[in-house]
Amino acid sequence: MKAVATSMTPFGIPPSQRHAVTLRIDPAIWPQTTQVDELGRLCVGEVALTEVADESGTPTYVIDETDFRHRIRRYSAALPEARLVYAGKALLTTAVAQWVAEEGKGLGVCSAGELATALIAGVDLNQIVVHGTAASPAEVCKAANAGAGRVVIDSPAEIAFLAAGLRRRQAVQIRVSSDTALTDGHAGDAIQRTLDQPLLDLIGVQCHVGSQVADPSLYGEAVRQMIALMAEIRARHGAILTELNIGGGQAIPHASGDQELDLDALRGSIEDALDASCAAERFPRPTIVVEPGRAISARAGVTLYRVLWVQQQPGARTVVVVDGAVSDSPRAALADTGYSVALANRRPCTPTQPMTVVGRNGELGGEIACGVPLPEDLRAGDLLAVACTGAYHHSMASTDNMVGRPPVVAVKNGRSRELVRRETIADLLARDRVYKEPRLIRERAGSGCKAFLHGQ
């Protein structure tokens, strides 16, 4: 796609035309490169989103590569002594894995598919962290034997499976709650069993503070509790653990006014807790590992939808029906998260009013965004962009109602490239054994049918 050759100003419009429209882009929640051009079109990565929609159709996930890399570098600057591991479950494609590797960071995976994606992308095996929480024992063993750098053990049962299936020594971390003590029988047993396995090298502990955590002191408190636990392990077992993984969960805003965790404050909280607790326990300072996922990818992502119609419902509720569904916006239904929506193809000519954006499938609770301000002159054919959808949208998308999942398109420096193509009807039917019978295809699928099935 060609570069956008129009005059643009960051998060606004040309100065001469600012009086004609209300500013609608909040830099806290939209990709770093977001701009509005002289035609009023929303642009990301110096590419007009209308061009992406025209070329790739809608719905489409757009990922700003510059923003994604910026978030990684911001973590590195704020936490220079920590080891950063990007949590791939938030968003993972081969290209995304390559970006992480090129930035010199680790990658967290929790399934065979995520591991395969990392390997195909050329991620250094020693930089891969495998989480057993969502993976089968066979998947964890396969990843370990392939040479994964770390395995995070989540339960005592995983210890036995992993130890039985290993062919090489494996560095592991044990996941514990932040208030764990060895007086807890389960934790003490898991640690003892891990230390007893000759092929398991217990190097650290991992804890999960929470999700959308905006208070940095909670991470400081977790560090203090974990250092106390590590000191207790040293006293009881003579093992000195060298890594403390405090996980992810750092809060980011999805809509204007939402809270965000301050990374500089996070650094201060971690450093203060390490200084105090390591001194009190006379424990050597461990390497801190942090695993952000959503905090890296969410704001890099924008989802594009085409308006099908606008309907005024009883009670003055205006509903905007778009060509997507909750299947491509799963977090809207599964989490209490508000999303920001903007008109992307033109400058509005009227004031805004609260509207509810819904998908075409019409499920109860299937709203994509509720009460968002959109112009009163919104009409069929307009293009809408939903901000902050780079995490847990592509990765959790489904094929509800047998509608194929959207493509993923990366934008950068005026160019776009498709990272993941749109799922076709033929893709959806590929696992259907009857559909795959050659005789059925010959008898029932004429040329027109075959073209339809393959989206031609």
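Side notes on the structure shown:
- For G57, the shell of other residues with beta-carbons less than 13 Å away shows a net charge of -3, using +1 for Lys and Arg and -1 for Asp and Glu.
- What the Cβ-Cβ distance of S177 and C370 gives, at R0 = 41 Å and to the nearest 0.05, is a FRET efficiency of 0.75.
- Using the Cβ-Cβ distance between R285 and Q98 with R0 set to 41 Å, the FRET efficiency works out to roughly 0.80.
- Euclidean distance of C-alpha centroids, the stretch 107-177 and the stretch 284-353, integer Å: 33
- Point-to-point label distance, T350-A276, nm (Cα→Cβ direction, 7 Å offset): 5.7
- This model, with +1 at the C-beta of Lys and Arg and -1 at the C-beta of Asp and Glu, gives the chain a dipole about its Cα centre of some 1260 debye.
- Ordering V52, V341 from the fewest to the most neighbouring beta carbons within 10 Å gives V341, V52.
- Signed unit charges on C-beta, dipole axis of the chain, positive-most listed residue T50, L107, A87: T50
- Counting only Cβ charges, +1 for Lys and Arg and -1 for Asp and Glu, the dipole size of the stretch 65-297 around its Cα centre is about 700 debye.
- The Kirkwood hydrodynamic radius of the stretch 14-144, based on inverse pair distances between different Cα atoms, is 17.2 Å.
- Each of T58, T34, T133 has some number of other Cβ atoms within 10 Å of its Cβ, and from fewest to most they run T133, T58, T34.
- Label-to-label distance for A430 and A239 is 4.2 nm, based on points extended 7 Å past Cα in the beta-carbon direction.
- In plain terms, the residue of K142, K89, K412 with the fewest other Cβ atoms within 10 Å comes first and the most crowded comes last, giving K142, K412, K89.
- Considering only alpha-carbon pairs that sit under 8 angstrom and 6 or more positions apart, the relative contact order computed for the chain is 19 percent.
- Separation of alpha-carbon centers, the stretch 383-397 and the stretch 39-59, rounded to whole Å: 15
- Average projected area [Cα convex hull, the stretch 182-230], square nanometres: 4.2
- Stokes-Einstein D (µm²/s) once Rh is taken as the Kirkwood radius of the stretch 65-297 over alpha-carbon pairs, at 10 °C in 1.306 mPa s: 89
- The aspartates and glutamates within cross-link reach of K142, meaning a Cα-to-Cα straight distance under 19 Å and a gap of 8 or more places when in the same chain, are E114, D124, D154, E158, D201.
- The residue among S155, A265, A214 whose Cα reaches farthest toward the positive pole of the charge dipole of the stretch 65-297, with charges on the beta-carbon of Lys, Arg, Asp and Glu, is S155.
- Local electrostatic count, S217, Cβ distance below 13 Å [Lys/Arg +1, Asp/Glu -1]: -3
Values quoted throughout were computed directly from the atomic coordinates according to the rules given, and no laboratory measurement underlies them. Remember, predicted model here, so these are calculated numbers, not experimental data. Please note: Cβ atoms are built from the backbone with ideal geometry, for glycine as well, and neighbour counts cover all protein chains shown.
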